[in-house]
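What follows is one structure encoded as structure tokens, with my remarks underneath.
Throughout, read-outs are computed from the coordinates displayed, never taken from laboratory work. Quick caveat: nothing in here was measured; it's all calculated off a predicted structure. Here the Cβ positions follow ideal geometry from the backbone for every residue, glycine too, while neighbour counts run over all protein chains shown.
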Amino acid sequence: MAGQEVFRMAFESLADKLQNVFKNLTGKGRLSEADVKAGLREVKMALLEADVSFKVVKQFINSVQERAVGQDVLNGLNPGQMVIKIVNEELVKLMGSEMTEIALKPANEITVIMMAGLQGAGKTTTTAKIAGKLKAKGRKPLLAACDIYRPAAIDQLRINGEKQGVPVFSMGTGHKPVNIAKAAIEHAAKNGDNVVILDTAGRLHIDEDMMNELVEIKKQIAVDQTLLIVDAMTGQDAVNVAGMFNDKIGIDGVILTKMDGDTRGGAALSIKAVTGKPILYVGMGEKLSDLEQFYPDRMASRILGMGDIMSIIDKATAVIDEEKAKALSQKIKKAEFDYNDFLDQMHQIKKMGGMASIMNMMPGMNQLKGVDLDGNEKMMDRVEAIILSMTKEERANPDLLNPSRKKRIAKGAGVDIAEVNRIVKQFEQMKKMMKQLPGMMGGKRRGGLGGLMGKMKLPF
């Protein structure tokens, strides 16, 4: 599931309630102290219903109220907007103010990262994804299988490591975890790996044996970063788990998983305030792209309905090939845009998480109820099936599509010929529009996806 589904699923209810409160405040013009306090009481209830820690809510409301009932706000030109601004700033502060990276040593030294967490939180999968993220940044990670209690865990780590193209060090289940960790570090030193990530054993509940094992590893090995994986679906339990792990073994950061599940988002808003440790990543699905860096300011913007344009830019930058974009720009200028190019644009949208993902990051889009984004995604799949049912020649030369070819394509894609005709017609209209927009795709960050989406209606 796409990253921005985090917002839709974890924060939709909270966002709706907060936006209603703010709508009432901005609609009043001048505000009294009583208006602000009444609005904040509603904010308080909304946060508690989202499973935010009571202590955290109390501190948050006090901070906002202290700032919002000042003369500058109440007598300002737009007091409602100023209250929203204060709430936004305090939300960011609550979640940690700034995005936090995993602290790594210089590339010529080995960084040791220990992953900890309860069984079922998605620790092993997340561990491999972290390795994939570090590899993408130019590091050479090695995964170390230190869970000796669950044989399947070693296999799982190996499979997930292969998916990320990251080697896995294992000694089976017959050795102590601390000795496996030591051997993995020696192996890394010999093979030029500069990050060793220890996948440790989880339990269903916090127990003494698990904690002692982690303490033992930290006593005998210089662990640079201890990262805790917690299940967001457990709400306040996730916050309590984070607090207990921090007290027992000391953690440096938290990764929240299963944010795509039935969660109200309370853990994301409470963990930093309760533990003092930052959320580093949030996980929303199986793919590597479904593990997203956590930006407190962007999350606050989404919650308050202000959108998240920066994440759109980041995602677009990650998937758009600049060389391809330049080549596409030239083709458009010469009116040579074909179905291969069109397919490439669709793949870029999918890599960004699909239309629903992009729309959910747009300011105010979360307020559009009843828009069938899932239907849009299905339509994209049908359009892709139609294009893939064309021959190479037909994709490269759209003018070849006569009635008999269209009939064959419809049959191959399993759709009605009317649908093929509609796509062809819309494609031709889009091509005509491109002719009228010379240079639209030129320049950095304007090529490919951004240009197409910004200037024309895609046929899905």
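Gain in length, D16 to A38, computed as 0.36 nm per residue apart minus the alpha-carbon separation, to one decimal in nm? Mind showing how you got there, number by number?
Working: separation 22, 0.36 × 22 = 7.92 nm, distance 1.72 nm.
Full-extension gain reported as 6.2 nm.
Which entries in the list K218/K272; K58/K85; K58/K123 go over 21 Å, if you measure between the two C-alpha atoms of each?
On the way: K218/K272 23 Å; K58/K85 19 Å; K58/K123 32 Å.
With Cα atoms farther than 21 Å apart: K218/K272; K58/K123.
Multiplying the sequence separation of H205 and N191 by 0.36 nm and subtracting their Cα-Cα distance, what value in nm do you get?
Fully extending the segment from H205 to N191 adds 1.4 nm.
Could you work out how much longer the chain between I417 and L48 gets when fully extended? Use 0.36 nm per residue separation minus the Cα distance between them, nm to one decimal.
So the extension gain works out to 127.5 nm.
Say R0 is 56 Å: what FRET efficiency, to the nearest 0.05, do Q236 and N402 get from their beta-carbon distance?
Efficiency, from the Cβ-Cβ distance: 0.30.
About its Cα centre, what dipole magnitude does region 209-271 give when the only charges are +1 on Lys and Arg Cβ and -1 on Asp and Glu Cβ, stated in debye to the nearest 20?
Dipole of region 209-271, to the nearest 20 debye: 120 debye.
Between D72 and M99, how high is the FRET efficiency from 1/(1 + (r/R0)^6) when r is the Cβ-Cβ distance and R₀ = 35 Å? Nearest 0.05.
The pair D72/M99 has a calculated efficiency of 0.75.
Determine, from the Cβ-Cβ distance of N340 and Y149 and an R0 of 56 Å, the FRET efficiency 1/(1 + (r/R0)^6), rounded to the nearest 0.05.
Calculated value: 0.65.
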